Amino acid sequence: TLQQTGLKVMMVGDGLNDAGALAKSDVGLALSEDIAVFTPACDGILEANKLLDLDQYTVAAQKAMRVIQWSLYGSLCYNLIGIGFAVSGRLEPVVAAILMPLSAISVVGFTTIATNYIGKNYRKSSFKNQSPPQN
(Lines give C-alpha, C1' and ligand atoms only; values in the text may rest on other atoms or scores of the structure.)
Protein backbone atom coordinates (compact mmCIF):
# COMPACT_ATOMS: atom_id res chain seq x y z
CA THR A 1 0.00 0.00 0.00
CA LEU A 2 2.83 2.41 0.83
CA GLN A 3 4.53 1.72 -2.51
CA GLN A 4 1.29 2.41 -4.38
CA THR A 5 1.15 5.87 -2.80
CA GLY A 6 4.67 6.58 -4.10
CA LEU A 7 6.64 6.01 -0.91
CA LYS A 8 9.87 4.01 -0.79
CA VAL A 9 9.72 0.94 1.43
CA MET A 10 12.58 -0.82 3.22
CA MET A 11 11.96 -4.29 4.55
CA VAL A 12 14.25 -5.64 7.25
CA GLY A 13 13.97 -9.32 8.05
CA ASP A 14 15.82 -12.57 8.53
CA GLY A 15 15.61 -13.55 4.85
CA LEU A 16 14.16 -16.98 5.54
CA ASN A 17 10.42 -16.81 5.98
CA ASP A 18 10.09 -13.26 4.62
CA ALA A 19 12.04 -13.59 1.33
CA GLY A 20 8.98 -12.54 -0.68
CA ALA A 21 8.57 -9.32 1.28
CA LEU A 22 12.29 -8.57 0.98
CA ALA A 23 12.10 -9.01 -2.79
CA LYS A 24 8.91 -6.92 -3.14
CA SER A 25 10.23 -3.94 -1.14
CA ASP A 26 12.26 -1.15 -2.72
CA VAL A 27 15.17 -2.07 -0.46
CA GLY A 28 15.37 -5.49 1.17
CA LEU A 29 17.80 -5.88 4.05
CA ALA A 30 18.39 -9.27 5.66
CA LEU A 31 19.86 -9.65 9.13
CA SER A 32 22.28 -12.50 9.80
CA GLU A 33 24.55 -13.71 12.56
CA ASP A 34 27.12 -14.94 10.01
CA ILE A 35 27.07 -12.90 6.78
CA ALA A 36 29.76 -15.04 5.16
CA VAL A 37 27.50 -18.07 4.70
CA PHE A 38 24.10 -16.40 4.31
CA THR A 39 22.96 -15.32 0.83
CA PRO A 40 19.22 -14.54 0.71
CA ALA A 41 17.53 -12.81 -2.20
CA CYS A 42 17.76 -9.22 -0.98
CA ASP A 43 19.59 -5.95 -1.64
CA GLY A 44 21.85 -6.08 1.38
CA ILE A 45 22.91 -8.18 4.34
CA LEU A 46 23.60 -6.66 7.73
CA GLU A 47 25.10 -8.32 10.78
CA ALA A 48 22.31 -8.72 13.32
CA ASN A 49 24.29 -6.96 16.05
CA LYS A 50 24.55 -3.85 13.80
CA LEU A 51 20.78 -3.33 13.53
CA LEU A 52 20.86 -0.39 15.94
CA ASP A 53 23.33 1.34 13.58
CA LEU A 54 20.95 1.09 10.61
CA ASP A 55 20.29 4.84 10.58
CA GLN A 56 24.03 5.55 10.35
CA TYR A 57 24.40 3.06 7.49
CA THR A 58 21.52 4.74 5.69
CA VAL A 59 23.14 8.18 6.04
CA ALA A 60 26.49 6.78 4.83
CA ALA A 61 24.77 5.17 1.82
CA GLN A 62 23.07 8.46 0.93
CA LYS A 63 26.40 10.28 1.12
CA ALA A 64 28.01 7.62 -1.07
CA MET A 65 25.24 8.03 -3.65
CA ARG A 66 25.94 11.78 -3.73
CA VAL A 67 29.62 11.06 -4.33
CA ILE A 68 28.72 8.79 -7.24
CA GLN A 69 26.39 11.44 -8.69
CA TRP A 70 29.12 14.10 -8.44
CA SER A 71 31.53 11.70 -10.13
CA LEU A 72 29.12 11.19 -13.01
CA TYR A 73 28.53 14.94 -13.35
CA GLY A 74 32.26 15.58 -13.37
CA SER A 75 32.80 12.90 -15.99
CA LEU A 76 30.01 14.33 -18.13
CA CYS A 77 31.52 17.84 -18.00
CA TYR A 78 35.00 16.52 -18.73
CA ASN A 79 33.75 14.55 -21.73
CA LEU A 80 31.59 17.39 -23.10
CA ILE A 81 34.61 19.71 -22.99
CA GLY A 82 36.73 17.01 -24.65
CA ILE A 83 34.13 16.48 -27.38
CA GLY A 84 34.08 20.22 -28.02
CA PHE A 85 37.85 20.25 -28.54
CA ALA A 86 37.76 17.07 -30.65
CA VAL A 87 34.96 18.29 -32.96
CA SER A 88 36.65 21.63 -33.49
CA GLY A 89 39.87 19.85 -34.48
CA ARG A 90 41.92 21.31 -31.63
CA LEU A 91 42.57 17.93 -30.04
CA GLU A 92 44.95 15.44 -31.57
CA PRO A 93 43.73 11.82 -31.63
CA VAL A 94 46.78 10.73 -29.63
CA VAL A 95 46.01 13.27 -26.91
CA ALA A 96 42.36 12.14 -26.86
CA ALA A 97 43.52 8.53 -26.52
CA ILE A 98 45.59 9.54 -23.48
CA LEU A 99 42.90 11.71 -21.89
CA MET A 100 40.09 9.13 -22.02
CA PRO A 101 41.74 6.65 -19.62
CA LEU A 102 42.74 9.57 -17.40
CA SER A 103 39.05 10.51 -17.21
CA ALA A 104 38.13 7.03 -16.02
CA ILE A 105 41.02 6.92 -13.56
CA SER A 106 40.11 10.33 -12.12
CA VAL A 107 36.46 9.31 -11.61
CA VAL A 108 37.42 6.02 -9.95
CA GLY A 109 40.07 7.77 -7.84
CA PHE A 110 37.71 10.53 -6.68
CA THR A 111 34.96 8.03 -5.85
CA THR A 112 37.34 5.76 -3.96
CA ILE A 113 38.88 8.57 -1.92
CA ALA A 114 35.52 10.18 -1.12
CA THR A 115 33.79 6.94 -0.09
CA ASN A 116 36.80 5.94 2.04
CA TYR A 117 36.55 9.34 3.74
CA ILE A 118 32.85 8.74 4.42
CA GLY A 119 33.65 5.27 5.78
CA LYS A 120 36.37 6.55 8.10
CA ASN A 121 34.04 9.22 9.46
CA TYR A 122 31.37 6.57 9.99
CA ARG A 123 33.75 4.32 11.92
CA LYS A 124 34.85 7.23 14.12
CA SER A 125 31.27 8.25 14.90
CA SER A 126 30.11 4.68 15.51
CA PHE A 127 32.94 4.05 17.99
CA LYS A 128 32.08 7.25 19.87
CA ASN A 129 28.58 5.94 20.51
CA GLN A 130 29.72 2.60 21.88
CA SER A 131 30.33 2.07 25.55
CA PRO A 132 33.55 0.33 26.62
CA PRO A 133 33.32 -3.45 27.11
CA GLN A 134 32.42 -4.61 30.60
CA ASN A 135 34.42 -7.43 32.26
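Restricting attention to the stretch 84-94, the residues that are assigned to a helix (DSSP H, G or I) and at pLDDT below 85 add up to 2. Is it the case that some residue within the stretch 66-78 is in contact with an Asp or Glu (Cβ under 8 Å, 6 or more places away or on another chain) and of a type in the set (A, V, I, L, M)? The answer is no; no qualifying residue exists.
In the stretch 27-81, the qualifying residues are those that are charged (D, E, K, R) and either open to solvent by less than 70 Å² (accessible area, probe 1.4 Å) or in a helix (DSSP H, G or I) (or both), and the one that is nearest to Asn121 (Cα to Cα) is Lys63. Please verify whether Ala23 is at pLDDT 85 or above, exposed (fewer than 15 other Cβ atoms within 10 Å of the Cβ) and under 24 Å from Lys120 (Cβ atoms), treating the condition exactly as stated. So Ala23 does not fit the description; no. On the stretch given as the stretch 1-10, residues that are of a type in the set (A, V, I, L, M, F, W, C), surrounded by 11 or more Cβ atoms within 10 Å (Cβ to Cβ) and either within 23 Å of Tyr122 (Cβ to Cβ) or more than 19 Å from the chain's Cα centre (by Cα) (or both) total 1. A residue that is in a helix (DSSP H, G or I), on the phi < 0 side of the Ramachandran plot, at pLDDT 85 or above and surrounded by fewer than 10 Cβ atoms within 10 Å (Cβ to Cβ) can be found somewhere in the stretch 100-115. Here Ala86 qualifies as without any contact (Cβ under 8 Å) to a residue 12 or more places away in the chain, in contact with a helix residue (DSSP H, G or I) (Cβ under 7 Å, 6 or more places away or on another chain) and not hydroxyl-bearing (Ser, Thr, Tyr).
The values are calculated or read from the model by the stated rules, or taken from the named source; none is laboratory data. None of these values were measured; they are calculated from a predicted model. Cβ atoms come from the backbone with ideal geometry, glycine included; neighbour counts cover every protein chain shown. Quick note on the areas: whole protein, heavy atoms, side chains included, nothing else; ligands and nucleic acids left out. Shrake-Rupley method; radii C 1.70, N 1.55, O 1.52, S 1.80 Å.
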